Amino acid sequence: MAIGSTIASASKLIEGVLVCILITGCAFTTGVDDRRRYLDDERRCAPTDGDLALRRVSLTDIDTADDRVARMAEARAPNSFSWRAMQAAHAIEILPLLSRIEVLEERRGTALANQTQLNTVRNEVLGRIMLAMSEVSSTAGKAACEIERTYQAADRLRAGEQARVKQQTLWAIIIGAAAAMAAGGATLSDAGSPAEGLASLIGGLVAGALGVTALYQEGEETFTHSNNILSEVWLHPDQPRYIPPSIWLLLKQPVAEGSESKSYLEELMASWRQEGRLGTPGSKIEQKRRDLFFGSGGSYTTSDLVARAQMLDMLRATILIMNQHMERLIREVMIQTAVRKQSWSPTPKNP
């Protein structure tokens with residue numbers, strides 16, 4: 001009889017606890033939906049079809065010169081530029097123009113000199129270099145736009161997770177307080193210690209479970225990126241869609257002079273792995289992230305989104321380095337122009 005009475009009393013106390021939770025809990029919910037719908041047009045980060053078509057047009061194929069200077073330039077390679085400048089010139093297809101400049105410079109002071117043609121070729125070289133620098137900025141802008149999209153999605157997930165943590169923490173506090181009330185009521189009633197212990201046990205378990213899940217449960221959100229610039233770096237297509245041909249050639253060039261030097265693309269992918277952006281090699285996380293990051297999208301957690309944004313940021317930094325090579329090339333062209341101009345200037349006569 002005593003045991004039955006204890007259980008009956010404990011049941012009534014637990015029912016009272018649940019009623020208290022339902023009544024008070026509704027007043028403490030946050031009302032925030034952690035899966036808020038958000039419409040994101042990823043097309044704003046991608047170049048238009050017209051822009052992509054123009055990138056595929058080779059200026060070298062269109063702007064062909066059929067004269068003696070051009071034929072002489074085709075038979076030789078520029079010999080007054082550094083290795084880095086030559087690599088950059090090859091990527092933006094101006095090696096023949098640099099050779100034409102050297103041929104025309106060598107003719108200065110002779111009957112074959114043509115200053116107008118020399119100035120025209122120089123201007124074309126400078127124009128091609130400026131175009132390449134614009135392509136660097138444009139490609140880096142595409143990566144920056146994707147970084148912004150990714151961090152926005154991560155912020156939405158974090159807001160939902162924070163709301164859920166707040167909600168579950170409040171529930172844990174309420175349940176813990178209700179369990180304490182039930183245990184105190186059992187102590188004051190004739191239910192005795194068994195009902196008190198049972199109420200404390202149930203309340204402690206539920207409150208602990210809510211606290212733990214609030215800390216370790218990650219939300220997920222569907223995030224798409226059909227215009228995926230990361231996949232081009234990873235898959236190495238012959239003709240990438242979102243990276244201009246000149247920038248692609250620059251990224252495939254070695255970081256330093258020498259046969260053992262890795263390319264910028266190889267260094268970038270090694271950095272992704274070394275920094276753990278894809279997870280532990282051979283792990284399920286790595287396989288999941290490879291499918292996510294280099295595909296058209298899927299269900300992302302906050303940590304996945306942050307890792308993707310960091311990879312895009314590393315790609316953007318690598319692309320922007322290409323402007324250093326363009327700067328060096330344009331400086332060498334201008335310095336050599338100034339030096340040659342000085343060497344051909346007439347020597348002033350002493351009075």
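Remarks
- Every condition in (1) in contact (Cβ under 8 Å) with a residue 12 or more places away in the chain; (2) of a type in the set (Gly, Ala, Ser); (3) over 30 Å from Ala89 (Cα atoms) is met by Ser271 except one, and the failing one is (3).
- Pairs with Cβ under 7 Å, 6+ apart, first in the range 82-97 and among the charged types (D, E, K, R) and in a helix (DSSP H, G or I), second buried (at least 18 other Cβ atoms within 10 Å of the Cβ) and at pLDDT 90 or above: Arg84/His325
- Candidates in the range 223-243 are the residues that are in a loop (DSSP other than H, G, I, E, B) and hydroxyl-bearing (Ser, Thr, Tyr); of these, the one that is surrounded by the fewest Cβ atoms within 10 Å (Cβ to Cβ) is Ser226.
- Screening the candidates Val121, Val136 for the property of being closer than 21 Å to Asp313 by Cβ and crowded, with 20+ Cβ neighbours inside 10 Å yields one hit, Val136.
- Every condition in (1) under 25 Å from Leu98 (Cα atoms); (2) touching a strand residue (DSSP E or B) at 6+ places or on another chain (Cβ under 9 Å) holds for Lys262 except the one numbered (1).
- Qualifying residue in the range 284-303 (condition: within 28 Å of Ser58 (Cβ to Cβ), in contact with a strand residue (DSSP E or B) (Cβ under 9 Å, 6 or more places away or on another chain) and in a helix (DSSP H, G or I)): no
- Residues satisfying the stated conditions in the range 73-118, i.e. under 16 Å from Ile335 (Cβ atoms) and charged (D, E, K, R): Arg84, Glu102, Glu105
Conditions (1) of a type in the set (Ser, Thr, Tyr); (2) more than 25 Å from Arg84 (Cβ to Cβ); (3) buried (at least 19 other Cβ atoms within 10 Å of the Cβ); (4) under 16 Å from the mean Cα position of the chain (by Cα), marked per residue:
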site	(1), (2), (3), (4)
Glu221	no, yes, yes, no
Pro245	no, no, no, no
Trp248	no, no, yes, no
Val255	no, no, no, no
Ser261	yes, no, no, no
Leu278	no, yes, yes, yes
Gly282	no, yes, no, no
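- Some residue of the range 135-155 being over 25 Å from Pro240 (Cα atoms), of a type in the set (A, V, I, L, M), touching a residue at least 12 places away in the same chain (Cβ under 8 Å) and assigned to a helix (DSSP H, G or I): yes
- Selected residue [touching a strand residue (DSSP E or B) at 6+ places or on another chain (Cβ under 8 Å) and modelled with pLDDT of 90 or more] from Thr139, Thr150: Thr150
The values are calculated or read from the model by the stated rules, or taken from the named source; none is laboratory data. All values reported here derive from a predicted model rather than from experimental measurement. No Cβ is skipped: glycine too gets one built from the backbone with ideal geometry, and neighbour counts run over all protein chains shown.
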